[in-house]
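Undergrad: Can you keep this structure in mind? I'll have questions shortly.
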There are 2 protein chains.
Amino acid sequence: MVKIGIVGVGTVGLSVVKNLQKNRDLIRARAGKEIIVKSGVVRNLNKKRDVNIHLTTDYKEITRDPEIDIVVELMGGVDEAYEVVKDALKHNKAVVTANKALLAYHRFELQSIANTPFEYEASVAGGIPIIKALRDGLSANHIQEIKGIINGTCNYILTEMKKGRDYAEVLKEAQELGYAEADPTFDVGGFDAAHKLLILASIAYNIDAKPEDILIEGIENINLTDIEFAKEFGYEIKLLGIAKKIGNEIELRVHPTLIKNSQMIAKVDGVMNAVSVIGDVVGETMYYGPGAGGDATASAVISDIIEIARGNVNPMLGYKKPLESEKVRLKTSDEIETKYYLRIAVNDKLGVLEKIANTLAKNNISIESFLQKPKNGYVKLLFSTHKSLEKDVKKAISEIENFDFVIKPINFIRIEG
Amino acid sequence: MVKIGIVGVGTVGLSVVKNLQKNRDLIRARAGKEIIVKSGVVRNLNKKRDVNIHLTTDYKEITRDPEIDIVVELMGGVDEAYEVVKDALKHNKAVVTANKALLAYHRFELQSIANTPFEYEASVAGGIPIIKALRDGLSANHIQEIKGIINGTCNYILTEMKKGRDYAEVLKEAQELGYAEADPTFDVGGFDAAHKLLILASIAYNIDAKPEDILIEGIENINLTDIEFAKEFGYEIKLLGIAKKIGNEIELRVHPTLIKNSQMIAKVDGVMNAVSVIGDVVGETMYYGPGAGGDATASAVISDIIEIARGNVNPMLGYKKPLESEKVRLKTSDEIETKYYLRIAVNDKLGVLEKIANTLAKNNISIESFLQKPKNGYVKLLFSTHKSLEKDVKKAISEIENFDFVIKPINFIRIEG
């Protein structure tokens with residue numbers, strides 16, 4: 001018998017309890033042991049919950065209960081969750097967490113103090129078993145690249161915008177449907193995706209980085225002009241979490257990205273998530289499924305509990321021993337080299353295009369394709385470039401923005417592949 | 001240190017040796033141990049092989065070598081491989097195999113005698129870690145349905161036929177490209193996919209069935225008319241391995257299938273593989289990647305070796321204990337209930353359509369859509385039906401074939417979803 005305590009009995013916690021009960025016989029056969037939820041920690045004991053377990057407000061009743069084998073942390077947030085999980089590890093409990101923010105900041109500290117199993121499948125891409133795929137299924141591979149659609153809110157908004165709908169209108173709808181929070185910044189600003197990317201990158205590259213170390217841009221500036229350009233040139237616009245290794249240098253970045261619509265990951269629409277991984281031995285594999293929701297997340301949490309009940313002890317971030325041969329360095333955003341799309345709004349005057357083209361050329365940026373669209377009273381110039389250095393692109397943009405015929409801040413989107 | 005012996009040093013075996021060497025530091029860090037290939041078994045010692053290990057023709061030198069920890073079986077075939085693997089298990093070796101035929105026939109016997117880890121990730125869908133996903137990542141779920149594109153040869157041929165190319169022409173090209181064997185029956189006849197489906201079904205449903213117990217149809221009768229019909233009505237034609245549970249009844253079948261082109265798995269083209277799994281807790285997840293090739297297969301084989309080196313002991317087919325609550329029954333093909341597409345070639349006479357429609361109605365088959373296409377000298381009638389019983393459809397077909405105006409055997413394709 002394995003006894004668990006759940007810290008944070010909200011939507012996901014309730015779904016874990018419900019599905020452990022519903023699929024009890026099956027789970028016992030697969031795990032080899034009965035899994036019992038003994039108790040749960042909540043903030044408010046008076047709130048009505050449809051669950052038949054002992055509830056307390058004191059997490060230490062669980063982390064220090066000698067009968068509890070696994071502490072399941074579903075409270076969210078960073079600091080308090082960190083205290084709870086550390087206390088659980090200190091008292092030799094195995095830990096299962098769905099908390100991406102906690103791991104984005106403290107995964108390496110937690111790894112260093114964990115002497116018990118520590119699983120976190122639900123922290124990235126909800127119900128998709130991407131942690132196990134990357135840590136166990138692809139363990140033979142040097143990971144060359146990860147591209148993830150790991151925020152369903154953004155993917156839903158961008159998918160709807162393809163139908164010609166406005167960003168603000170779709171965001172409002174997403175909020176009404178429960179896909180986006182009242183304050184949507186964490187999702188649409190790319191921060192949620194960044195947390196998940198950092199977790200994946202640790203498994204791929206054993207690299208410790210915090211959200212503030214990497215490039216994070218959201219989808220707030222994407223407009224229908226960009227969507228039309230993408231259609232015209234065979235691209236989709238997706239918010240991607242990207243991790244890449246080139247030599248001993250690592251790129252980690254989250255931003256809206258133009259990707260060719262022939263790529264499998266470009267075909268992922270709506271709230272669904274997907275992660276494409278390129279390994280040096282296997283090539284590209286992709287993992288697709290629901291990235292959020294109580295039940296999908298509970299599926300991942302329960303699979304972790306079963307893994308522990310089976311007696312398996314996986315290396316938390318995928319490394320049983322330090323990887324001494326590889327000292328990797330995180331690239332700064334200036335050092336990124338990729339293709340770019342630029343949207344420039346100008347007054348329609350003689351010589352405008354020449355001046356812009358000159359400025360791009362002077363900054364080592366060569367144009368791949370160009371589209372000019374008239375708009376009420378002004379002109380939109382849409383460029384895509386060949387591979388360029390981000391530093392050069394930013395310098396060119398600031399120079400072009402200084403021309404008096406440029407009437408709005410320039411928007412740019414990075415192009416992948 | 002973990003020492004392995006490889007039985008069968010062909011394309012995959014050589015790739016295992018090569019990649020273990022190439023990614024040695026990384027694999028040591030991930031596994032926690034050095035992995036050494038000690039020896040290999042080959043049929044012909046005189047054949048030149050680019051490998052620096054001890055070679056022998058006697059498998060017992062490996063299965064009974066006290067220094068060997070893991071026997072990696074890559075010889076293929078059923079009977080001889082079964083002897084080798086049994087001998088390895090008898091001598092307490094862990095086993096890793098890529099052999100789908102062996103497992104299609106003997107997975108339950110092997111499970112019953114294995115007291116050591118037994119892994120077989122490479123046996124289904126090559127480099128895609130679908131075994132681990134189903135056995136470990138989705139372990140919380142009752143599996144409602146599996147749909148797999150698990151034969152790259154068939155998917156390549158069907159993808160090329162969408163361009164208007166003829167079956168025979170594309171098959172010939174596939175043979176030249178090395179995607180299809182000189183005798184392509186095993187692939188295009190659906191037998192390879194059936195072996196893989198049976199392995200997946202055992203994990204999903206703990207069900208023992210042999211290839212001869214299930215419905216297996218190949219793609220040999222698909223022609224350009226079918227492809228055109230599919231396009232016209234928004235379908236793709238894919239050879240699918242399908243496993244379904246309805247109540248306590250299991251459907252296992254391999255056949256060409258019409259699926260709506262909006263489904264994610266319908267978008268998988270060329271030699272790529274993909275497996276869609278619907279679980280009662282998580283919903284649909286899908287796994288995509290290369291289903292064949294020396295390196296892709298080696299990636300899976302090495303991940304199994306690492307899993308064992310890490311000290312994990314997974315239940316071979318996903319069940320630590322018998323699943324007593326569920327007695328499942330395999331449906332016969334007559335009992336299948338799905339939608340159907342029928343292609344009927346007739347002489348253009350008065351009353352033909354009426355007679356066919358009557359025969360369908362008499363057999364409880366109602367028509368969903370209908371397309372009539374003229375052809376040199378005759379007429380093609382293309383029907384899709386609402387949900388019908390396979391037994392009824394077969395009876396209707398044999399009755400319709402008896403009409404003198406029907407000039408060719410009727411072809412039918414099952415429709416999913």
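Undergrad: Enumerate the calculated ³J(HN,Hα) couplings along the range A:91-101 in order (Karplus 6.51 cos²θ - 1.76 cosθ + 1.60, θ = phi - 60°), each rounded to whole Hz, writing x wherever the residue is Gly or Pro.
TA: 9, 6, 8, 5, 10, 10, 9, 10, 8, 5, 5
Undergrad: Here's something else I'd like to know. Mind checking the mean number of beta-carbon atoms from other chains within 10 Å of the Cβ atoms in B:140-148?
TA: Per-residue shielding by partner chains comes out at 4.
Undergrad: Additional query: Ignoring solvent entirely, what values of log10 I(q)/I(0) come out of the Debye formula for chain A at 0.07, 0.08, 0.13 Å⁻¹ when each Cα is a single scatterer?
TA: For the requested q values the scattering log ratios are -0.38, -0.49, -1.09.
Undergrad: A:Glu354 to A:Glu67: extension gain in nm, 0.36 nm per residue of separation minus the Cα-Cα distance?
TA: Full-extension gain reported as 95.8 nm.
Undergrad: Which ³J(HN,Hα) values in Hz, rounded to whole numbers, follow from the phi angles of the range A:158-166 under the Karplus curve 6.51 cos²θ - 1.76 cosθ + 1.60, where θ = phi - 60° and Gly and Pro get x?
TA: Karplus-based 3J(HN,Hα) across the range A:158-166 equals 5, 5, 5, 5, 4, 7, x, 8, 6 Hz.
Undergrad: Give the residue list of trypsin sites (Lys or Arg not before Pro) in the range B:12-54 that are DSSP loop and have at most 14 other beta-carbon atoms within 10 angstrom.
TA: Sites meeting the loop and neighbour criteria: B:Arg43, B:Lys47, B:Lys48.
Undergrad: Sticking with this structure for a sec: Of the trypsin sites (Lys or Arg not before Pro) in the range B:285-335, which ones lie in a loop per DSSP and count no more than 10 other C-beta atoms within 10 Å?
TA: In loop regions of the range B:285-335 (DSSP not H, G, I, E or B), the sparsely surrounded trypsin sites (Lys or Arg not before Pro) are B:Lys327.
Undergrad: Could you pull out the trypsin sites (Lys or Arg not before Pro) across the range A:71-171 that fall in loop regions by DSSP (anything but H, G, I, E, B) with no more than 16 other Cβ atoms inside 10 Å?
TA: Here the trypsin sites (Lys or Arg not before Pro) that fit, given the DSSP loop and packing criteria, are A:Lys162, A:Lys163, A:Arg165.
Undergrad: Is there a pair in B:Lys163/B:Lys339; A:Lys172/B:Lys245; B:Lys210/B:Lys380 whose C-alpha atoms are over 29 Å apart, and which pairs would that be?
TA: Long pairs (Cα-Cα over 29 Å): A:Lys172/B:Lys245; B:Lys210/B:Lys380.
Undergrad: Now, a different point. Where a Cα-Cα gap under 15 Å defines reach, which aspartates and glutamates qualify for B:Lys327, not counting those fewer than 8 residues away within the same chain?
TA: A:Asp25, B:Asp208, B:Glu249, B:Glu251
Undergrad: Further question: What are the distances, in nm and sorted shortest first, from the label point of A:Asp79 to the label points of the same position in each other copy, with each label point placed 7 Å from Cα along the Cα-to-Cβ direction?
TA: For A:Asp79, the other copies' label points sit at 7.3 nm, shortest first.
Undergrad: Moving to a separate point now. Taking a point 7 Å out from Cα toward Cβ as the label site, list the nm distances between A:Lys90 and the same residue in every other copy, smallest first.
TA: Inter-copy label distances (nm, one decimal, shortest first): 5.5.
Undergrad: Same structure, new question: Work from the charge dipole of the range B:131-289 (Cβ charges, +1 for Lys and Arg, -1 for Asp and Glu, about the Cα centre) and give the residue of B:Ser276, B:Thr153, B:Ala174 farthest towards its positive end.
TA: B:Ser276
Undergrad: Same structure again: Among rounded, prolate and oblate, which fits the range B:34-182 when a ≥ b ≥ c are the square roots of the eigenvalues of its C-alpha gyration tensor, a/c under 1.5 means rounded, and a/b larger than b/c means prolate?
TA: Verdict is oblate for the range B:34-182.
Undergrad: Continuing with the same structure: Average partner chain C-beta neighbours within 10 Å, per residue of B:22-29?
TA: Mean shielding by partner chains, rounded to a whole number: 6.
Undergrad: Measuring from label point to label point, each 7 Å out along Cα→Cβ, what is the A:His91 to A:Asp208 span in nm?
TA: 2.7
Undergrad: Treat every Asp and Glu Cβ in the range A:139-278 as -1 and every Lys and Arg Cβ as +1, leave all other atoms uncharged, and give the resulting dipole magnitude about the Cα centre to the nearest 20 debye.
TA: 600
Undergrad: Contact order normalised by length for chain A, with contacts defined as Cα pairs under 8 Å and 6 or more residues apart; what percent is it?
TA: Rounded, it is 16 percent for chain A.
Undergrad: Computed on protein heavy atoms with a 1.4 Å probe, what is the summed buried accessible area for the chain pair B and A, in Å² to the nearest 100?
TA: That pair hides around 5000 Å² of surface in total.
Undergrad: How much accessible area per residue does the protein assembly as shown have, counting only protein heavy atoms and a probe of 1.4 Å, in square angstrom?
TA: 38
Undergrad: For the range B:280-417, what is the largest minus smallest coordinate of the Cα atoms on each principal axis, given in angstrom and ordered from greatest to least?
TA: For the range B:280-417, the Cα extents along the three principal axes come out at 73, 41, 26 Å.
Undergrad: Right, here's the next one. Defining a contact as two alpha carbons under 8 Å apart and six or more residues distant in sequence, what relative contact order in percent does the range A:357-417 show?
TA: It rounds to 29 percent for the range A:357-417.
Undergrad: Need one number: % antiparallel among DSSP beta bridges in chain B, to the nearest 5.
TA: If I count the DSSP bridges inside chain B, around 65 percent turn out antiparallel.
Undergrad: Using the Cα gyration tensor of the protein assembly as shown, with a ≥ b ≥ c the square roots of its eigenvalues, what is the shape: rounded (a/c below 1.5), prolate (a/b larger than b/c) or oblate (neither)?
TA: Taking the square roots of the gyration eigenvalues as a ≥ b ≥ c, the protein assembly as shown is rounded.
Undergrad: Cα-Cα over 32 Å: which of A:Lys331/B:Lys260; B:Lys196/B:Lys267; A:Lys22/A:Lys321?
TA: Exceeds cut-off: A:Lys331/B:Lys260; A:Lys22/A:Lys321.
Undergrad: Between copies, how far apart are the B:Val328 label points? List them in nm, one decimal, shortest first, with each point 7 Å from Cα toward Cβ, please?
TA: Label-point separations across copies, in nm and ascending: 3.9.
Undergrad: Provide a list, ordered by number, of residues in the range A:312-335 showing at least 30 Å² less accessible area with every protein chain present than when their chain is taken on its own, using a 1.4 Å probe.
TA: The answer is A:Asn312, A:Tyr319, A:Lys320, A:Lys321, A:Leu323, A:Ser325 - residues whose exposure falls by at least 30 Å² when every protein chain is included.
Undergrad: Under a point spin-label approximation (7 Å from Cα along Cα-to-Cβ), what is the A:Glu169-A:Lys47 distance to one decimal in nm?
TA: Each label point lies 7 Å from its Cα, and together they span 3.6 nm.
Undergrad: Would you kindly state how much longer the chain becomes between A:Glu335 and A:Ser262 on full extension, computed as 0.36 nm times their sequence separation minus their alpha carbon distance, in nm to one decimal?
TA: Length gained, A:Glu335 through A:Ser262: 23.5 nm.
Undergrad: Pick from B:Glu324, B:Glu251, B:Glu121 the residue whose mean-square fluctuation is largest in a GNM of chain B, springs joining Cα atoms under 10 Å.
TA: Most flexible of the set in this elastic network: B:Glu324.
Undergrad: How much of the accessible area of the protein assembly as shown, probe 1.4 Å, is carbon plus sulfur, in whole percent?
TA: Reported share for carbon and sulfur atoms: 48 percent.
Undergrad: For the range A:106-212, what is the relative contact order in percent, using Cα pairs closer than 8 Å and at least 6 residues apart in sequence?
TA: 29
Undergrad: While we're looking at this one, here's another question. Rounded to the nearest 0.05, what FRET efficiency do B:Phe108 and B:Ile246 have when you use their Cβ-Cβ distance and R0 = 25 Å?
TA: It comes out at approximately 0.60.
Undergrad: Next up: Under the definition of partner shielding as Cβ atoms of other protein chains within 10 Å of a residue Cβ, what is the mean value for peptide B:290-298?
TA: Shielding by partners across B:290-298 averages 3.
The values are calculated or read from the model by the stated rules, or taken from the named source; none is laboratory data. Only a predicted model underlies this, so the values are computations on that prediction, with no experimental measurement involved. Every residue, glycine as well, gets a Cβ built from its backbone with ideal geometry; the counts of neighbours run over all protein chains shown. Quick note on the areas: whole protein, heavy atoms, side chains included, nothing else; ligands and nucleic acids left out. Shrake-Rupley method; radii C 1.70, N 1.55, O 1.52, S 1.80 Å.
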